[in-house]
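Chemist: Just passing along the structure, written as structure tokens.
The values are calculated or read from the model by the stated rules, or taken from the named source; none is laboratory data. These figures come from a predicted structure and were not determined experimentally. No Cβ is skipped: glycine too gets one built from the backbone with ideal geometry, and neighbour counts run over all protein chains shown.
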């Protein structure tokens with residue numbers, strides 16, 4: 001996904017903004033969006049209306065930019081470290097508060113086959129629309145295991161609302177079509193009757209505005225923030241990933257500071273300055289542990305993804321396969337490297353590779369998971385793999 005400098009360039013290009021548009025705001029995109037979305041006492045009514053219109057235009061452009069970058073990511077299977085992370089979070093039923101707009105976390109968990117509807121994941125009351133002649137009468141099945149709770153405190157590219165002038169009681173509308181991790185990316189070829197469902201709504205993408213902003217009069221958003229605050233207060237550990245606690249974001253700083261304390265705070269960020277800012281927020285006496293990347297954090301704290309089954313060599317001959325976090329186990333690697341079709345067939349027929357896979361989990365309980373991307377994209381001469389997750 002794009003970093004902030006790339007996002008600024010993409011937005012300037014999409015909206016044809018003058019190069020110096022963000023200069024009064026120190027080049028800070030979020031500060032500019034906050035200014036546009038909030039009525040300023042020194043502006044005339046006409047200036048405020050112009051700002052609001054520009055904010056809505058920017059929200060639409062941002063949604064398209066995020067969706068476009070996301071669709072590129074979805075062309076490859078989710079990285080194993082991400083699958084391990086979301087499955088561990090689900091196993092522990094973690095409360096996740098995020099300020100990201102994208103759907104990569106939702107898609108990665110859906111790819112494992114854990115759940116069928118986003119209503120099992122989002123910790124907010126949302127509404128869904130159906131065109132005439134369609135219905136949502138049938139209920140989706142229960143999740144296939146424990147689930148985390150996801151608080152998207154700044155909105156999401158699949159949430160929509162009535163705009164800056166909508167009443168506090170207005171419902172937020174969820175667009176939950178095509179939220180899987182798909183080789184097709186984000187589909188735009190829905191039947192026409194679905195294409196008009198959201199025409200009267202705007203993407204709900206909230207900049208880090210002050211609490212007086214019209215966004216925080218919405219009752220559903222306020223309820224989500226309250227639930228997130230209770231979840232943070234009940235937690236033993238706070239894990240901060242990719243959020244730098246900028247001094248200008250006073251609202252989030254106060255939100256976190258008032259929700260603590262915690263026995264342990266973990267910061268995942270390549271910059272040591274982020275850990276210093278986190279200490280300012282949570283208190284200098286708090287035990288703060290640091291990791292410089294998400295993969296290193298996952299290796300230290302998350303369970304193992306065990307894949308077993310078969311793949312095929314260049315001639316189409318099936319070979320036994322057992323990997324733990326993408327690393328082939330030595331016993332199976334020897335059979336694959338030193339054996340031939342007869343040895344491979346014997347290993348597959350005897351199910352030795354299945355026994356090796358289950359022994360890799362040791363005494364840990366395992367959860368059977370799927371890889372829906374792999375299932376949809378493999379051909380007859382690629383692989384036939386099954387997956388176990390052994391939580392930590």
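Chemist: Go through (1) in a helix (DSSP H, G or I); (2) closer than 20 Å to residue 151 by Cα one by one and return the number of the condition residue 279 breaks.
Modeler: For residue 279, the failing item is (2).
Chemist: Residues being under 18 Å from residue 6 (Cα atoms) and buried (at least 17 other Cβ atoms within 10 Å of the Cβ): count how many of those fall in segment 70-94.
Modeler: Number satisfying all stated conditions: 1.
Chemist: Still on this structure, please answer the following. Can you name the helices (runs of 4 or more DSSP H) wholly within segment 24-119 that have at least 2 residues being outside the structural domain of residue 206 (by TED's automatic domain parsing) and in contact with a strand residue (DSSP E or B) (Cβ under 7 Å, 6 or more places away or on another chain)?
Modeler: Those helices (runs of 4 or more DSSP H) span 45-73.
Chemist: If you check 199, 176, which single one turns out to be assigned to a loop (DSSP other than H, G, I, E, B), more than 20 Å from the chain's Cα centre (by Cα) and either over 18 Å from residue 99 (Cα atoms) or at pLDDT below 70 (or both)?
Modeler: 199
Chemist: Here's another thing I want to ask about it. Do we have any residue at all in segment 95-115 that's buried (at least 18 other Cβ atoms within 10 Å of the Cβ) and without any contact (Cβ under 8 Å) to a residue 40 or more places away in the chain?
Modeler: Yes; the residues of segment 95-115 include at least one that is buried (at least 18 other Cβ atoms within 10 Å of the Cβ) and without any contact (Cβ under 8 Å) to a residue 40 or more places away in the chain.
Chemist: Examine segment 227-239 for a residue that is part of a helix (DSSP H, G or I), surrounded by fewer than 18 Cβ atoms within 10 Å (Cβ to Cβ) and touching a helix residue (DSSP H, G or I) at 6+ places or on another chain (Cβ under 6 Å), and state whether such a residue exists.
Modeler: Yes: segment 227-239 contains one or more residues that are part of a helix (DSSP H, G or I), surrounded by fewer than 18 Cβ atoms within 10 Å (Cβ to Cβ) and touching a helix residue (DSSP H, G or I) at 6+ places or on another chain (Cβ under 6 Å).
Yes/no matrix, rows are residues, columns are (1) more than 30 Å from residue 132 (Cα to Cα); (2) surrounded by fewer than 16 Cβ atoms within 10 Å (Cβ to Cβ):
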| site | (1), (2) |
| --- | --- |
| 201 | no, no |
| 221 | no, no |
| 224 | yes, no |
| 244 | yes, yes |
| 252 | yes, no |
| 259 | yes, no |
| 266 | yes, no |
| 273 | yes, yes |
| 284 | yes, yes |
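Chemist: Against the condition at pLDDT 85 or above and in the same structural domain as residue 384 (by TED's automatic domain parsing), how does residue 349 come out, does it pass?
Modeler: no
Chemist: Here's a follow-up. Could you check how many residues of segment 262-276 are part of a strand (DSSP E or B) and either touching a helix residue (DSSP H, G or I) at 6+ places or on another chain (Cβ under 9 Å) or more than 15 Å from residue 235 (Cβ to Cβ) (or both)?
Modeler: Residues meeting the conditions: 4.
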